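The values are calculated or read from the model by the stated rules, or taken from the named source; none is laboratory data. The structure displayed is predicted, hence computed values, not measured ones. Methodologically, a virtual Cβ is constructed for each residue, glycine included, from the backbone with ideal geometry; neighbour enumeration extends over all protein chains shown.
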Amino acid sequence: MGLDGFGAAPHAERRNGLKVYLRIAVISLASLALVACQSTTGAKPGSPLPASDTHSSVQTPVAQASGVAAIGYAAPALTAETRGYSELVIDMSTGRELLELNADAPRFPASLTKMMTLYLLFEEVNSGRLSMSSALAVSAHAQSQPPAKLGLKAGDTITVEQAARAMAVKSANDVAVVVAEAISGSEGAFARKMTAKAQALGMRSTRFKNASGLPDAGHVSTARDMARLGLALKRRFPQYSAFYRARSFEFEGRTFEATNNLIGRVAGVDGLKTGYIRLAGYNLVATANRGGRRRLVVVMGGSSEKVRDDRVTALLDEAL
């Protein structure tokens, strides 16, 4: 009997009706309690982090997909903390975490995003749908992207290899859009493909909204997810590792210097990707190899380029 009819029930039925009513009320209260618990699970931006996010050394099993351990994740927050700080150090040989600070807190990845754009581009090459010499068309939308960029013009073309080098070395936003449109037809469709691939790689707290990492409130990741992506990129496509350690890139008579200041300056550093927007602060995923010991370091939310670079260097020195 429904609750709407309970008050009008005949006297003979009221005892059974009361039992039904009480049973439904108990279920309803339990459901409300569950919803309340779920709604308070994720930390709000700016709120104190749980004890597990304090600076600590941890040892976590290896995940097969990318080499970064699959540990418990909270539901991803909708927005990241402005200039929130995180760091993570990974043993690249085993995928084990050596040190972490706020590694699961939501952050703006900025141009670390281009690691995923590169990942999907290399998948296209591996599948045969594109080759390294394939010509990619430049649209008006790609031309309109803000710096950093190559300065491509609508109607121009750029090869896949040039595009990969431009993103890896110069972090070119116009090139990221060229790649997105070539693969998916539009940047929006490509962003959905990026997010789907992120989920497949176990990057459960990552949502992509564009191909470059330019500001968008919903474009969110974590240090742990960026480490997972960096490892997957290096492990699945080792043939392109030289792109990330190049100190410069030449295109149409111009030389573009690498945005990663540690390459050639810090012993063993061989990649991987920088990122900066005002919302994020200064980000860097760096890989290094010293004497056969390989480490990956993620720093997100550095207060300046120098502070970020100095911290990554110190973490590498400590871990190696």
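Given the criterion closer than 20 Å to residue 147 by Cα, charged (D, E, K, R) and touching a Leu at 6+ places or on another chain (Cβ under 7 Å), identify the matching residue among 209, 273.
Answer to the check: 273.
How many residues are more than 15 Å from residue 124 (Cα to Cα), of a type in the set (Ser, Thr, Tyr) and assigned to a helix (DSSP H, G or I) if we restrict to the stretch 183-206?
Looking only at that region, the number is 1.
Return the residue satisfying two criteria in turn: it lies in the stretch 155-203 and is under 17 Å from the mean Cα position of the chain (by Cα) and basic (Lys, Arg), and of such residues it is surrounded by the fewest Cβ atoms within 10 Å (Cβ to Cβ).
192
Does the stretch 87-97 contain any residue that is in a loop (DSSP other than H, G, I, E, B), modelled with pLDDT under 50 and either β-branched (Val, Ile, Thr) or over 22 Å from residue 320 (Cα atoms) (or both)?
Within the stretch 87-97, none of the residues are in a loop (DSSP other than H, G, I, E, B), modelled with pLDDT under 50 and either β-branched (Val, Ile, Thr) or over 22 Å from residue 320 (Cα atoms) (or both).
Out of 131, 127, 86, report the one residue that is of a type in the set (S, T, N, Q), touching a Gly at 6+ places or on another chain (Cβ under 9 Å) and farther than 17 Å from residue 216 by Cβ.
86
If I ask for residues that are surrounded by 15 or more Cβ atoms within 10 Å (Cβ to Cβ), hydrophobic (A, V, I, L, M, F, W, C) and part of a helix (DSSP H, G or I), which ones from the stretch 228-275 would you list?
Across the stretch 228-275, the qualifying residues are 229, 231, 232, 233, 243.
All but one of (1) surrounded by 17 or more Cβ atoms within 10 Å (Cβ to Cβ); (2) out of contact with any Leu (no Cβ under 8 Å at 6 or more places or on another chain); (3) assigned to a helix (DSSP H, G or I) hold for residue 312; which doesn't?
Here residue 312 clears every test but (2).
So which residues in the stretch 283-309 are over 14 Å from residue 268 (Cβ atoms) and surrounded by fewer than 21 Cβ atoms within 10 Å (Cβ to Cβ), if there are any at all?
Of everything in the stretch 283-309, those that are over 14 Å from residue 268 (Cβ atoms) and surrounded by fewer than 21 Cβ atoms within 10 Å (Cβ to Cβ) turn out to be 303, 304, 305, 306, 307.
For the stretch 218-251, which positions are acidic (Asp, Glu) and free of Cβ contacts under 8 Å to residues at least 12 places away in the same chain?
The answer is 250, and nothing else.
Give 133, 127 a once-over and let me know the one that is surrounded by fewer than 17 Cβ atoms within 10 Å (Cβ to Cβ), at pLDDT 95 or above and over 20 Å from residue 198 (Cα atoms).
133
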